Amino acid sequence: EQYIPCDTLLLSVGLLPENELSAAAGVALSPITGGPVVSDSLATSIPGVFACGNVLHVHDLVDFVSQEAALAGEAAARYLSGNKADEEAISLLAEGGVRYTVPQYIRRDAQSVTVRFRVGQPYRDAAVCVYADGALLRRIPKRVLAPGEMEKVTLRMSDLPENCQTIRFCIEEGTN
């Protein structure tokens with residue numbers, strides 16, 4: 001312990017999620033990101049516990065961290081006011097070149113959801129494809145996809161088939 005007189009302190013402590021507290025509390029953690037598994041409201045596996053920012057996964061921009069913080073704060077306020085989240089959820093699957101998604105599942109009462117993810121290797125002239133229960137929902141051509149750059153797709157729940165169970169994110173090459 002050391003005392004340093006100052007009026008402002010900035011700490012840069014790395015970008016890898018530090019989740020000792022989450023693990024000790026029993027929060028389910030993703031083996032890929034090291035961060036909590038969350039819903040679209042950023043709720044963890046423990047009711048009333050929300051997570052955001054670099055504790056979930058490494059972000060490219062602080063703006064994304066701020067957006068998640070606002071979303072988690074709003075969801076926590078709804079939770080505290082007695083508005084509990086819909087327990088039934090749609091699973092998000094990362095496959096075929098997509099390393100992970102955040103969130104990992106979506107509540108059925110959500111309106112729209114921004115899903116962030118990273119690819120596992122570089123791709124050229126490929127497409128990000130989103131399948132809902134096996135049917136192609138979205139195909140987004142990309143000239144370049146790189147592991148170091150966050151990708152995002154916004155989904156509207158109204159576009160999903162009724163009683164959708166899974167949404168799969170993958171990369172398809174040579175389809176542009």
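Model label points for ALA135 and LEU21, set 7 angstrom from Cα along the Cα-to-Cβ axis, are 4.4 nm apart. Helix 62-80 and the longest principal axis of the Cα set of the chain meet at an angle near 80°. Among residues other than PRO147 with Cβ under 12 Å from its Cβ, the summed charge is -1 (Lys and Arg +1, Asp and Glu -1). First compute the accessible area of region 43-176 with a 1.4 Å probe, then give the percent of it belonging to carbon and sulfur atoms. Roughly 49 percent, rounded to a whole number. The convex hull defined by the C-alpha atoms of region 32-173 has an orientation-averaged projected area of 8.1 nm². Annotation: amide H-H contacts under 5 Å for LEU29 (H modelled 1.01 Å from N, sequence separation of 5 or more, or interchain): VAL37.
Calculated mean residue ellipticity at 222 nm for the chain: -4500 deg cm²/dmol, from DSSP H runs with n ≥ 4 weighted as -39500 (n - 2.57), summed, divided by the residue count and rounded to 500.
Taking θ as phi - 60° and the Karplus parameters 6.51, -1.76 and 1.60, the scalar couplings of region 149-163 work out to 10, 5, 10, 8, 9, 9, 10, 9, 4, 5, 7, 7, x, 4, 6 Hz in sequence order, x denoting glycine and proline. With Cα atoms defining each centre, region 86-108 and region 41-59 are spaced 14 Å apart in the structure.
Take every Cα pair under 8 Å whose residues are at least 6 apart in sequence, average their separation, divide by the length of region 31-87, and the relative contact order is 31 percent.
The values are calculated or read from the model by the stated rules, or taken from the named source; none is laboratory data. Quick caveat: nothing in here was measured; it's all calculated off a predicted structure. Cβ sites come from the backbone with ideal geometry, for glycine too, and all protein chains shown count toward neighbours. Areas reflect the complete protein model, heavy atoms only, side chains present, ligands, DNA and RNA absent. Shrake-Rupley method; radii C 1.70, N 1.55, O 1.52, S 1.80 Å.
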